[in-house]
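Notes follow the structure.
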Amino acid sequence: MEIFMQIIHNKYIWVPFFTWLAIQMFKVIWELITTKKFNFKRIMGAGGMPSSHSAIVMCIAVMGGKAVGFDTWYFALSIAFAGIVMYDSAGVRRAAGKQATLLNKIIETPGLTGVEMQEKLVEVLGHTPFQVLVGALIGIIVGCIF
């Protein structure tokens, strides 16, 4: 029971979680405003402005740095993992999204391939560097507040 209570009261879980939730809700609302279509899949979907991945990892890193010190190996480790997540988000996953867009166009071209797809490949996977930067800044701000 004590472990459960520790998890319930762990701000290092809840603050990043609610940061992620707020960003994902923003994406749903923004898409509703701009496209006039409600897309609930945006709640769990990747990509878009701002990067919730970047916000989460930077929020945890800053909160951890405030708690144990910015000169500790804990903070260095969290910054290293944040860098990996943000690099992956703007690099590998973004490239995979571009490839998915191209493959969807190839498959949709009549007579070009005999391949029939049941559903389109997901095209919005990663982020632009600017989306990653904005997400990181949100994470830093939230981490400083809490």
**Prompt:** Could you list, in sequence order, the residues of the range 3-52 that are hydroxyl-bearing (Ser, Thr, Tyr) and in contact with a helix residue (DSSP H, G or I) (Cβ under 9 Å, 6 or more places away or on another chain)?
**Reply:** Tyr12, Thr19, Ser51, Ser52
**Prompt:** For the subset of the range 117-133 comprising residues that are hydrophobic (A, V, I, L, M, F, W, C) and under 11 Å from the mean Cα position of the chain (by Cα), which member is modelled with the lowest pLDDT?
**Reply:** Leu125
**Message:** Name the residue that is farthest from Ile13 (Cα to Cα), counting only residues in the range 84-103 that are among the small types (Gly, Ala, Ser) and surrounded by 13 or more Cβ atoms within 10 Å (Cβ to Cβ).
**Reply:** Ala100
**Asked** If Leu77 satisfies every condition in (1) surrounded by 13 or more Cβ atoms within 10 Å (Cβ to Cβ); (2) modelled with pLDDT of 95 or more; (3) hydrophobic (A, V, I, L, M, F, W, C); (4) part of a helix (DSSP H, G or I) but one, which is the exception?
**Response** (1)
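The values are calculated or read from the model by the stated rules, or taken from the named source; none is laboratory data. Computed from a predicted structure; not experimentally measured. FYI the Cβ positions are ideal-geometry reconstructions off the backbone, even for glycines, and counts take in every protein chain you see.
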